[in-house]
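Since the structure comes first, as structure tokens, the remarks are kept for the end.
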Amino acid sequence: MIALGIETSCDETSAALVEYEGEGQAINAGGVVLSHALWSQHEHQRWGGVVPEVAARAHAHYIAPTVQRVFRQANLSWHAIDCIAVTAGPGLIGGLVVGMSYAQALSIASNKPFLAINHLAAHALSVRVSESCPFPYLLLLVSGGHSQLVCVESASQFHVYGTTRDDAVGEAFDKVARMLQLDWPLGPHLEICARTGDPKAHALPQAFVRQKRCDFSFAGLKSAVRRMVEERPPETAKQKADIAASFQYTATAMLCERSTQAMQRFRNDHPDLAQARFVAAGGVAANQYLRAALQAVCADNQFQLLLPPPELCTDNAVMVAWAGLERMLAPEKPFQPDSIGHAPHPRWPL
Ligand code: KG4
Ligand code: ZN
């Protein structure tokens, strides 16, 4: 079974062809990426953040050649695919309209089923492309728009344990990187800058420490860095690196502490599970410092850590195609494609 995936919800125009080679209906790891094309829009650099109208225009410009490229790379025509899966939300409305309209037109022309995919569900399932990760598992979903701890019960059932009360962690990475005048893309450059800094150089505030809840808050941390930078603007590369490292250390500590709380709740909810598994996904899960810290937390709590490769953590169409395959092959319900008139959902919680 082969799915075409299309992703245009933020500032990445991406398409992918993914095949499921497993047997029968019980889908698990076994996605074969036949082809994957991704255009990261650097057009936003001059504004220091993603500009919705610029993103929509860029998606309109890149979508057709990007989809054409994945068919050419895989040496396949649309006759070979079994469904068209596209991100229908959450995300920026202009980009969603571009990707969905393209997918709907292709579905009509090719007579293949149309699937409207939730972007957060696609992140949540992305680990199963490359890892054997049976349900249920505990998920830390950390991206530019979301920070959540989620119990993933099945491909369509998500139990949200906690979420952010204000900023998403990726947003905090981006804002701090901008305060330090780092290059685009901001989050990855903050990670690089932090490598040469001292993570204990500045003591920064953490939210909800030792509280029995799984929620996050990153606004206080971000504001503390802003005050520090305004009071004493960093002059040398070392001073910038110390701020970056202290921020990254504190954000990671908060994510790890909340994850530990969620692990206890997950165990209470699933007392008979022989092997508990923890997954991190979303753009911030590409961060190597966070990945190493989560490894230690999982070892301490006897959870197996499973991580998608970094290139499948940030936005991509492979995970969208995979979420389409999961829906087509889900054992619990008969498959129903979505209506061709399905509307985009800029807000669409899990
Ligand atoms: O999942 P994603 O690509 O898009 C959304 O769904 O939001 O996540 C993007 C976010 C951005 O805030 C970006 O700065 C952050 O993930 N990010 C990182 C790294 N790579 C991407 N943050 C920290 N370290 C990284 N290496
Ligand atoms: Zn995303």
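Would you kindly state how much longer the chain becomes between Ala203 and Ala105 on full extension, computed as 0.36 nm times their sequence separation minus their alpha carbon distance, in nm to one decimal? Display every interim value, and only then the final one.
Details: separation 98, 0.36 × 98 = 35.28 nm, distance 5.37 nm.
That pair, Ala203 and Ala105, stretches by 29.9 nm at full extension.
Using equal-weight Cα scatterers in the Debye expression, the normalised intensity of the range 206-308 in log10 at q = 0.13, 0.15, 0.20 Å⁻¹ is -0.56, -0.71, -1.07. Dipole orientation for the range 134-307: of the candidates Pro233, Ala262, Gly187, Pro233 has the Cα lying most toward the positive pole (charges on Cβ; Lys, Arg +1; Asp, Glu -1). Element breakdown for the chain at a 1.4 angstrom probe: carbon and sulfur atoms account for 51% of the accessible area. Between Asn287, Asn111, Asn316, the Gaussian network model of the chain with springs among Cα atoms under 10 angstrom shows the greatest mean-square fluctuation at Asn111. Here the Gaussian network model covers the chain, with springs between Cα atoms less than 10 Å apart; of Lys212, Lys333, Lys175, Lys333 fluctuates the most.
From the Cα gyration tensor of the range 134-307, with a ≥ b ≥ c the square roots of its eigenvalues, which class applies: rounded if a/c is under 1.5, or else prolate if a/b is larger than b/c, or else oblate? Prolate, since a/c reaches 1.5 and a/b exceeds b/c.
Put a dot 7 Å past the Cα of Ala296, heading toward its Cβ, do the same for Trp47, and the two dots end up 4.0 nm apart. Number of Lys-Lys pairs in the chain with C-alpha atoms under 24 Å apart and a separation of 8 or more places or on different chains: 11.
Rounded if a/c is under 1.5, else prolate if a/b is larger than b/c, else oblate: which is the range 4-97, with a ≥ b ≥ c the root eigenvalues of its Cα gyration tensor? Prolate, because a/c is 1.5 or more and a/b exceeds b/c. Surface calculation, 1.4 Å probe, protein heavy atoms: Val67 sits at approximately 0 Å² accessible.
Other residues with beta-carbon under 13 Å from the beta-carbon of Gly31 carry, at +1 per Lys or Arg and -1 per Asp or Glu, a net charge of -3.
When ligands, DNA and RNA are left out and all protein chains stay put, how many square angstrom of accessible area per residue does the chain have with a 1.4 Å probe? Provide the component values of the computation, followed by the final result.
Working: 15050 Å² over 350 residues.
Per-residue accessible area for the chain comes out at 43 Å².
Counting only whole DSSP H helices of the chain, the ones at least 24 Å long by C-alpha along their axis and with mean Kyte-Doolittle hydropathy no lower than 1.0 are 93-110. Each label was represented as a point 7 Å from its Cα along the Cα-to-Cβ direction; for Glu131 and Gln181 these points are 4.0 nm apart. Summing Cβ point charges (Lys, Arg +1; Asp, Glu -1) relative to the Cα centre of the chain gives a dipole of roughly 640 debye.
Using the alpha carbons alone, the radius of gyration of the chain stands to its Kirkwood radius in an Rg to Rh ratio of 0.98. When the range 134-307 is described by a simple charge dipole with +1 on each Lys and Arg Cβ and -1 on each Asp and Glu Cβ, the residue from Thr252, Gly145, Pro199 located farthest towards its positive end is Pro199.
The values are calculated or read from the model by the stated rules, or taken from the named source; none is laboratory data. Just so it is clear, the model here is predicted, and its values are computed rather than measured. Cβ atoms come from the backbone with ideal geometry, glycine included; neighbour counts cover every protein chain shown. Areas reflect the complete protein model, heavy atoms only, side chains present, ligands, DNA and RNA absent. Shrake-Rupley method; radii C 1.70, N 1.55, O 1.52, S 1.80 Å.
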